[in-house]
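Take a look at the structure set out below.
The values are calculated or read from the model by the stated rules, or taken from the named source; none is laboratory data. Worth saying up front: this structure is predicted, and the values here are computed from it rather than measured. No Cβ is skipped: glycine too gets one built from the backbone with ideal geometry, and neighbour counts run over all protein chains shown.
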Amino acid sequence: MSPFVRVNPGDLIQAQNLNQVVGSLNGTSGQGVPVAQTSVNDASNYAVSVQNLEATNSRALNVLKSDGSLLIRADVNGVNLGTPVTMVAGSLAGTALANASVTNAKLASDVGRASLLTNGGFEVWQRGNNPPLNGYTADRWNSSAGTSASVSISKDTTNVDVGSGACAAFGVSNPGTTPTLLAGQTVELGAWRGLTYTWSMRIKSDAATTGVLQMIAFDADGTTQLASLTLNTTTTYQTYSLTFTSAATGNKISCNLRTVPNQGAGRSHYVDNAMLVVGSQAADYVPMHPADDLARCLRYYETLGGAANTIHVRAYAGDVNITTFGPIVFAAKKAVTPTLTKVGTWTVSGCGQPVFDSPTLGTARLSTTPTGTGVFAYFTPDATCYLTIEANP
């Protein structure tokens, strides 16, 4: 390639010199003056250096793609790059990335964050593997039937998500003419009011469905809707997420998965690995240690007894008709003062059936009245006799 030749006034100019200028301006490949290796390897000077003397009007470099979109621009506002930008590993080493500069909106779903849900993996089923539709099913998950609805609920260990031990299975024979709540959880917020949350669930169906399920978030009053999402499910697990902001008042929110009235009869749905995190980005499910998972569940529900002689009280009564008391200590302190229930007919000797009462957050009492002055006893004879302690804020 011929170098540019300086032309003095009155000198003739060769066509190749003019064409080189025109070609360079037109972007013709191979036109221009090549940079010599000695210039590139100069220990003191850059091969190309541009300085603009007007700081407020600097336009040092503007490179566009063939479609006219930005590739590289360097001006008074800094350096801007078009997309895509591919960077090698370690490109942002050191202090290039400022501390606390990555916002929640920039996080990927696989960045682990703590979940506010209890039993989000549907692993704990203290009430049994085939609970009734109305009431609590898997621990901390509630359900209620819509008008004319016919829905079965069960713990399922076959149709689980990857890495899961159990899921919740819902067989919808009739979704109802009003919404049927399949899985709802009320979450205590404490002081975390007025924040943005993202709730996600992994769901699949036995056949692809359109508009038969909804995710709906409610505020503390249980009726003010914060956000909703109508789902289209497939036969493989998909992640569905809902982002909402709670009110500045109140101390809880509700996350409800429910049917759309009159839609999806004869379908089965499988729900697993739910998360509720602070922020606008959904988070992949991260299982808790089993001990921690159970500890959260026990805050709201536990049973005592349930086998022969697991509760057995034997004492001596000095006087007839004098009520005697025995203390019960819960495995975990409850969220609110619990409801106490004695289940089944216990075996008694010399006394009446025991009464389960006087709850605090951590204790209650069993009491009975002896029918004589001798030894009396009461105990659980089998698995049908036990105590339940339930606290649902």
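Of the strands (runs of 3 or more DSSP E) lying entirely inside region 343-393, those containing at least 3 residues that are over 45 Å from the mean Cα position of the chain (by Cα) are 347-349, 375-379.
When Asn104, Asn99, Asn77 are checked against the criterion of being more than 30 Å from Leu53 (Cα to Cα), free of Cβ contacts under 8 Å to residues at least 24 places away in the same chain and not assigned by TED's automatic domain parsing to the domain that holds Ala283, Asn99 stands alone in meeting it.
Please enumerate the residues belonging to region 353-366 that are surrounded by fewer than 16 Cβ atoms within 10 Å (Cβ to Cβ) and either of a type outside the set (A, V, I, L, M) or under 19 Å from Asp319 (Cβ atoms) (or both). Steps first, answer last, please.
So in region 353-366, the residues surrounded by fewer than 16 Cβ atoms within 10 Å (Cβ to Cβ) come out as 353, 355, 357-358, 360-363.
Answer for region 353-366, where residues must be surrounded by fewer than 16 Cβ atoms within 10 Å (Cβ to Cβ) and either of a type outside the set (A, V, I, L, M) or under 19 Å from Asp319 (Cβ atoms) (or both): Gln353, Val355, Asp357, Ser358, Thr360, Gly362, Thr363.
Cβ-Cβ distances below 7 Å connect the following pairs, each with a first residue in region 280-297 that is closer than 27 Å to Leu226 by Cα, a second residue that is surrounded by fewer than 17 Cβ atoms within 10 Å (Cβ to Cβ) and among the acidic types (Asp, Glu), and a separation of six or more residues or different chains: Asp284/Asp110.
Residues that are out of contact with any Gly (no Cβ under 9 Å at 6 or more places or on another chain) and of a type in the set (Asp, Glu) within region 282-326 comprise Asp292, Glu302, Asp319, listed in sequence order. The sole residue among Val172, Val151, Val160, Val187 that is in contact (Cβ under 8 Å) with a residue 12 or more places away in the chain, under 18 Å from the mean Cα position of the chain (by Cα) and more than 28 Å from Asn104 (Cβ to Cβ) is Val160. Taking the residues in region 292-338 that are among the hydrophobic types (A, V, I, L, M, F, W, C) and part of a helix (DSSP H, G or I) as candidates, determine which candidate is farthest from the chain's Cα centre (by Cα). Top of the filtered list is Leu298.
Within region 135-150, the set of residues being assigned to a loop (DSSP other than H, G, I, E, B) and either touching a Leu at 6+ places or on another chain (Cβ under 7 Å) or surrounded by 18 or more Cβ atoms within 10 Å (Cβ to Cβ) (or both) comprises Thr137, Ala138, Asp139, Arg140, Trp141, Ala145, Gly146, Ala149. Please go through region 255-291 and pick out each residue that is under 25 Å from Thr103 (Cα atoms), β-branched (Val, Ile, Thr) and either outside any strand (DSSP E or B) or touching a Lys or Arg at 6+ places or on another chain (Cβ under 6 Å) (or both). Listed by number, the residues that qualify are Val277, Val286. In the condition set (1) modelled with pLDDT of 95 or more; (2) surrounded by fewer than 18 Cβ atoms within 10 Å (Cβ to Cβ), Lys106 is compliant with all but (1). Just so you know, in region 248-291 the residues that are among the β-branched types (Val, Ile, Thr) and within 21 Å of the chain's Cα centre (by Cα) include one that is surrounded by the fewest Cβ atoms within 10 Å (Cβ to Cβ), and it is Val286.
Among the candidates Tyr270, Tyr240, single out the residue that is in contact with a Cys (Cβ under 8 Å, 6 or more places away or on another chain) and either within 20 Å of Gln214 (Cβ to Cβ) or among the charged types (D, E, K, R) (or both).
Tyr270
For region 174-193, how many residues meet the condition of being over 21 Å from Thr245 (Cα atoms) and not in a strand (DSSP E or B)?
Adding up the residues that qualify gives 6.
Among the residues of region 325-351, just one is loosely packed, with under 13 Cβ neighbours inside 10 Å, under 12 Å from Thr303 (Cα atoms) and not hydrophobic (A, V, I, L, M, F, W, C), namely Thr341.
Restricting attention to region 194-243, the residues that are assigned to a loop (DSSP other than H, G, I, E, B), touching a strand residue (DSSP E or B) at 6+ places or on another chain (Cβ under 8 Å) and either surrounded by fewer than 19 Cβ atoms within 10 Å (Cβ to Cβ) or of a type in the set (D, E, K, R) (or both) add up to 12. Within region 33-43, not a single residue is under 56 Å from the mean Cα position of the chain (by Cα), assigned to a loop (DSSP other than H, G, I, E, B), at pLDDT below 75 and surrounded by fewer than 12 Cβ atoms within 10 Å (Cβ to Cβ). Checked against the criterion of being under 21 Å from Ala265 (Cα atoms), in the same structural domain as Gly266 (by TED's automatic domain parsing) and hydrophobic (A, V, I, L, M, F, W, C), the candidates Leu195, Leu181, Leu189 yield just one match: Leu181.
Pairing each residue of region 329-345 that is in contact (Cβ under 8 Å) with a residue 60 or more places away in the chain with any residue that is assigned to a strand (DSSP E or B) and not hydroxyl-bearing (Ser, Thr, Tyr), provided the two are 6+ apart or on different chains, yields C-beta distances under 7 Å for Ala335/Glu188.
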